[in-house]
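*Asks:* Just passing along the structure, written as structure tokens.
The values are calculated or read from the model by the stated rules, or taken from the named source; none is laboratory data. It should be emphasised that the depicted structure is a prediction, and the values quoted were computed from it without experimental measurement. Here the Cβ positions follow ideal geometry from the backbone for every residue, glycine too, while neighbour counts run over all protein chains shown.
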């Protein structure tokens, strides 16, 4: 948002790009507790001149046929497996289930999402600037 190049979209169907970030913990696998309710409603942040506007909903949205919204489960031990490093992944928007398609760009590194600099965002910004530079240079 500070860059001024992109704006937040209220819905994936209106977004040109979908950016997914995941903070790594240095481990490929780690024990966790499963079967607890997940609050998977979207949260929307919108910067204004006087601060930031935040919108969202409480609880889980009900969707017909969604097996995750069926009978409540009891907590149970499980193992979460994933990337050990921080990930910044970009997908094409304006499609249903955008995250089910291949990513158009992916960056993974230790501390790639570390504040305040957020190195992954800096690499992405440089990539976009270079692509725009090449596009204007090509007749």
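*Asks:* Right, residue 30: over 21 Å from residue 108 (Cα atoms), exposed (fewer than 13 other Cβ atoms within 10 Å of the Cβ) and either modelled with pLDDT of 85 or more or over 18 Å from the mean Cα position of the chain (by Cα) (or both) or not?
*Replies:* no
*Asks:* Please verify whether residue 133 is without any contact (Cβ under 8 Å) to a residue 40 or more places away in the chain, loosely packed, with under 14 Cβ neighbours inside 10 Å, at negative phi and more than 14 Å from the chain's Cα centre (by Cα), treating the condition exactly as stated. Steps first, answer last, please.
*Replies:* Details: without any contact (Cβ under 8 Å) to a residue 40 or more places away in the chain: yes; loosely packed, with under 14 Cβ neighbours inside 10 Å: yes; at negative phi: yes; more than 14 Å from the chain's Cα centre (by Cα): yes.
Yes: the conditions hold for residue 133.
*Asks:* If you check every pair at least six apart or on different chains, which have Cβ atoms under 7 Å apart with a residue in the stretch 1-15 that is on the phi < 0 side of the Ramachandran plot and part of a helix (DSSP H, G or I) first and a residue that is at pLDDT 80 or above and surrounded by 11 or more Cβ atoms within 10 Å (Cβ to Cβ) second?
*Replies:* Matching pairs, first to second residue: 12/18; 12/93; 12/98; 13/94.
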